[in-house]
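Here's the structure we're looking at; comments come further down.
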Amino acid sequence: MEVVNLKDVFISMGELERYFDGVVPVNLWRGLNVKRNVGLSI
């Protein structure tokens, strides 16, 4: 099985502008509802 990364997929689809390979100046976080064991929905 060949390993394919997301960037290669977007290149093959001709949609490289949808791929972000930069640095975000803030820490991104994600919450978890412990009682239901699911992530927060937005």
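Readers should treat all values here as calculations from the given coordinates under stated rules, not as data from a laboratory. The structure displayed is predicted, hence computed values, not measured ones. Virtual Cβ from ideal backbone geometry, glycine too; neighbours counted across all protein chains shown.
Quick notes
- Applying the Karplus relation 6.51 cos²θ - 1.76 cosθ + 1.60 with θ = phi - 60° to segment 17-27 yields 3J(HN,Hα) values of 5, 7, 9, 10, 10, x, 10, 8, x, 9, 7 Hz, where x marks Gly and Pro.
- Net charge of the neighbourhood of residue 18, taken over other residues with C-beta under 14 Å away and scored Lys/Arg +1, Asp/Glu -1, is -3.
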